[in-house]
Amino acid sequence: MLSETAEVRINMRLIYYQDPGHGWVKVSKELLFRLRIDSMISKYSYMNDTHAFLEEDCDLPILMKALKELGITPEFDVVYQEESPIREYTSYRTST
């Protein structure tokens, strides 16, 4: 049994894709919806059918803030790609 003062820390592992010019963090679109930040993500992020690839400068901080408010501390596995296919994905948009 946890005491009332015990801190519960929830960790999450995310993939951080980087190429020579930029970086994106892969998250499920469902997570963005559940965190209620899906409409806050800019067109500078990308998406496929199930995932969003959050642009590191303006959209990743939105995710980090939402997770921090829930006590979730993400950890990142960095994947470097000389030419990232993410740049060819569709620009992020919310469902209509």
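Observations on the structure shown:
- Test for Met64: is it among the aliphatic types (A, V, I, L, M) and either touching a Ser or Thr at 6+ places or on another chain (Cβ under 9 Å) or modelled with pLDDT under 95 (or both): no
- For the range 86-96, filtering for residues that are closer than 12 Å to Lys26 by Cβ and surrounded by fewer than 17 Cβ atoms within 10 Å (Cβ to Cβ) leaves 1.
- With respect to the stated conditions, Glu30 is surrounded by fewer than 13 Cβ atoms within 10 Å (Cβ to Cβ) and at pLDDT 95 or above.
- Among the residues of this structure, Asp49 does not count as one that is assigned to a loop (DSSP other than H, G, I, E, B) and either under 20 Å from Val79 (Cα atoms) or among the basic types (Lys, Arg) (or both).
- Selection from the range 47-84 of residues that are farther than 24 Å from Asn11 by Cβ and surrounded by 12 or more Cβ atoms within 10 Å (Cβ to Cβ): Met47, Asn48, Cys58, Gln81, Ser84
- Any pair with Cβ under 7 angstrom, 6 or more apart, that starts in the range 21-38 at a residue that is under 12 Å from Phe53 (Cα atoms) and ends at one that is among the hydroxyl-bearing types (Ser, Thr, Tyr) and not in a loop (DSSP other than H, G, I, E, B): Gly23/Tyr16; Gly23/Tyr17; Trp24/Tyr17; Trp24/Tyr46; Val25/Tyr16; Lys26/Tyr17
- Thr96 over 19 Å from Gly21 (Cα atoms), modelled with pLDDT under 95 and outside any strand (DSSP E or B): yes
- Any hit, the range 58-76, residues being in a loop (DSSP other than H, G, I, E, B) and over 17 Å from Leu31 (Cβ atoms): yes
The values are calculated or read from the model by the stated rules, or taken from the named source; none is laboratory data. Keep in mind that what you see is a predicted model, and the values were worked out from it rather than measured. Quick reminder, even Gly has a Cβ in these numbers, built from the backbone with ideal geometry, and neighbours come from all protein chains shown.
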